[in-house]
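K.L.:
Below are the structure tokens for one structure; questions will follow.
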Amino acid sequence: MTAYTVRVPQGGMCGDLVVVRESSGLMRGYAMVPEHAAESEEFEVTSASGDILEFDSPGFPLFERLARSRGAYEDDFIPEGFDRWHWRSVRGRPCWIGCWALTFFLGSVVPAWLAPPKRLLHMLAMYCLTFIASLLFVLSSWWEHRRELEAGVLVSIFWTSGTIGVGCAAALNYSVLHIWPLIDPHCHPLHPLGAGWPEEPPSIWCMAKSSVEWMLMAGLIEESVKFIVLLRLLPSPEAAADCQLLPCCCRRRRSSRPGRCRLVCGQLLRSSWFRLAPTPYAFAIASLASGAGLATTENFHYIFFDTESFQTALESGDLTHALGRIISTCAHILWTGLAGIHLARWHFLPAGHPDRPRFRWTGMLVPIVSHGLFDACAVLRTCYPEEHCMEWPPGSDEWVCGHCVLQPGPRLVVGVLFQILFCGTGFLFHHRWYHTLLELSVEASCGVVLLADPIGD
């Protein structure tokens, strides 16, 4: 049993949380100031008595207190610049949870109604596979930190990414996808084949070129759209109230002060756009919801509107294509999660801190590159069935049926790279979730709900 002596910091009182340090000065955990301890007095805690709480103790009570200090789950807390109605929107309205569940339940009626004879279960299975991975991933991550982020924020971010975000990404991807073949009809993202294919395999230059094009298309566009949704998140009510969305309009005549029109319009715009994510983990979980929203809508497109795969699944009962979307869904969520953790560091670390990113958008670089390479590897591993025929080279009146993009050896290498890329992204996210976010959350709590003893100052 190890005993630690803790001094009550200046301004500390009973019930406050104070850092417990090792003799080396490293943080051991934290403890609550007892009733008998006054400011600047010392008290003793031991590791075996349960007086010392770990930063990652079950329920994360330290981070819950940080969230509540910034208005989460506090109905009586109304910050300056908001009224009760608009502030409730910033916190995330609980009614969105019921709308979320009702939407997916009613959505199941459509595939059930359109299912051919004896294929009802297959249709319902394909429908569930569009969102089940997103639902499990996001809810399991949120449940552990549910006292830090109100569920209405999750749903709001999910739908913004899954509707407006998907619409913008689809329009941009469609436009760019038709530009690449005009630049090089023999080697572009959808067909990185080369003029001599299938007799000659694609060149290294062609594969590298298509990989860069995938980064500039799906990588840049989709990750940017998901990241823009994350700009709705703010760490505190002060940050939301300070954002001037209407700097020049609705002023009173002959007065520099804003009139009631500007006040009401400003509250309406802020409450419609901003959402409260009061802790680093809340930021990260909301970013998972952004990735899940886009991935879920994208799954609907690939599972139900890819005519060839859809008909094959109905005729044979083969759900391989739909099951494959689970990997893509998880990848989307991981990529946006990495960008969200980076954005949390930008928000919660003070200016001048050595670990604070210089720009909030630099966290998009890894997701953009990973996303582009992920899609490029998926295309290079493609093997066309015999019934799939296309004119190649374009305009040659020669039709090629079947064949794989790459020969077995190179295809195996690309497959290994594909797995390394996916697993590497997962390991990186795991490290940042359990280490980077924990350290960031502790640092964000210091000085707000966690008092530092004078030895550590």
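The values are calculated or read from the model by the stated rules, or taken from the named source; none is laboratory data. None of the values given here were measured: they were computed from a predicted structure. Don't worry about glycine lacking a Cβ; one is built from the backbone with ideal geometry, like all the others, and counts go over all protein chains shown. Note: areas computed on protein heavy atoms with side chains; ligands, DNA, RNA excluded. Shrake-Rupley method; radii C 1.70, N 1.55, O 1.52, S 1.80 Å.
Residues checked against (1) within 25 Å of Arg28 (Cα to Cα); (2) crowded, with 18+ Cβ neighbours inside 10 Å; (3) modelled with pLDDT under 95:
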residue: Gln419; (1), (2), (3): no, no, yes
residue: Phe427; (1), (2), (3): no, no, no
residue: Val449; (1), (2), (3): yes, yes, yes
residue: Pro454; (1), (2), (3): yes, no, yes
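K.L.:
Identify all residues within segment 60-104 that are hydroxyl-bearing (Ser, Thr, Tyr) and either surrounded by 15 or more Cβ atoms within 10 Å (Cβ to Cβ) or in contact with a helix residue (DSSP H, G or I) (Cβ under 7 Å, 6 or more places away or on another chain) (or both); write none if there are none.
P.N.:
Result: Ser69, Tyr73, Ser89.
K.L.:
Additional query: Is there a residue in segment 387-398 that is part of a helix (DSSP H, G or I), open to solvent by 40 Å² or more (accessible area, probe 1.4 Å) and acidic (Asp, Glu)?
P.N.:
No: segment 387-398 contains no residue that is part of a helix (DSSP H, G or I), open to solvent by 40 Å² or more (accessible area, probe 1.4 Å) and acidic (Asp, Glu).
K.L.:
Select from segment 333-351 the residues that are outside any loop (DSSP other than H, G, I, E, B) and either polar (S, T, N, Q) or free of Cβ contacts under 8 Å to residues at least 60 places away in the same chain (or both) and list them in ascending order.
P.N.:
Across segment 333-351, the qualifying residues are Thr336, His342, Trp346.
K.L.:
Let me ask something else. Limited to segment 404-415, what total is found for residues that are surrounded by 11 or more Cβ atoms within 10 Å (Cβ to Cβ) and either of a type in the set (Gly, Ala, Ser) or free of Cβ contacts under 8 Å to residues at least 12 places away in the same chain (or both)?
P.N.:
3
Every residue, every condition in (1) part of a loop (DSSP other than H, G, I, E, B); (2) open to solvent by less than 20 Å² (accessible area, probe 1.4 Å); (3) on the phi > 0 side of the Ramachandran plot; (4) acidic (Asp, Glu), yes or no:
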| site | (1), (2), (3), (4) |
| --- | --- |
| Tyr174 | no, no, no, no |
| Pro181 | no, no, no, no |
| Gly196 | yes, no, no, no |
| Glu200 | yes, no, no, yes |
| Lys209 | no, no, no, no |
| Trp214 | no, no, no, no |
| Leu220 | no, no, no, no |
| Glu223 | no, yes, no, yes |
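Matching residues to (1) closer than 27 Å to Leu129 by Cα; (2) loosely packed, with under 12 Cβ neighbours inside 10 Å; (3) in contact (Cβ under 8 Å) with a residue 60 or more places away in the chain:
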site	(1), (2), (3)
Arg356	no, no, no
Trp361	no, no, yes
Val379	yes, no, yes
Gly402	no, no, no
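K.L.:
Say we look at segment 435-447 and pick out the residues that are open to solvent by 40 Å² or more (accessible area, probe 1.4 Å) and in contact (Cβ under 8 Å) with a residue 24 or more places away in the chain; which of these is nearest to Thr336 (Cα to Cα)?
P.N.:
Only one residue tops the list, namely Glu443.
For (1) modelled with pLDDT under 85; (2) under 21 Å from Thr279 (Cα atoms); (3) open to solvent by 70 Å² or more (accessible area, probe 1.4 Å), each residue gets a yes or a no:
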| site | (1), (2), (3) |
| --- | --- |
| Gly11 | yes, no, no |
| Arg21 | no, no, no |
| Ser24 | yes, no, yes |
| Met27 | no, yes, yes |
| Ala31 | no, yes, no |
| Val45 | no, no, no |
| Ser49 | yes, no, no |
| Glu54 | no, yes, yes |
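K.L.:
List the residue pairs whose Cβ atoms are under 8 Å apart, where the first residue sits in segment 40-51 and is on the phi > 0 side of the Ramachandran plot, the second is open to solvent by 50 Å² or more (accessible area, probe 1.4 Å) and not in a strand (DSSP E or B), and the two are 6 or more positions apart or on different chains.
P.N.:
From segment 40-51, the pairs are Ser40/Gln10.
K.L.:
Which pairs turn up if I take residues in segment 62-87 that are under 19 Å from Leu438 (Cβ atoms) and look for partners that are polar (S, T, N, Q) and assigned to a loop (DSSP other than H, G, I, E, B) with beta carbon separation below 7 Å, at least 6 apart in sequence or on another chain?
P.N.:
Going by the 7 Å Cβ cut-off, the qualifying pairs are Phe63/Thr279; Leu66/Thr279; Ala67/Thr279; Arg70/Ser236.
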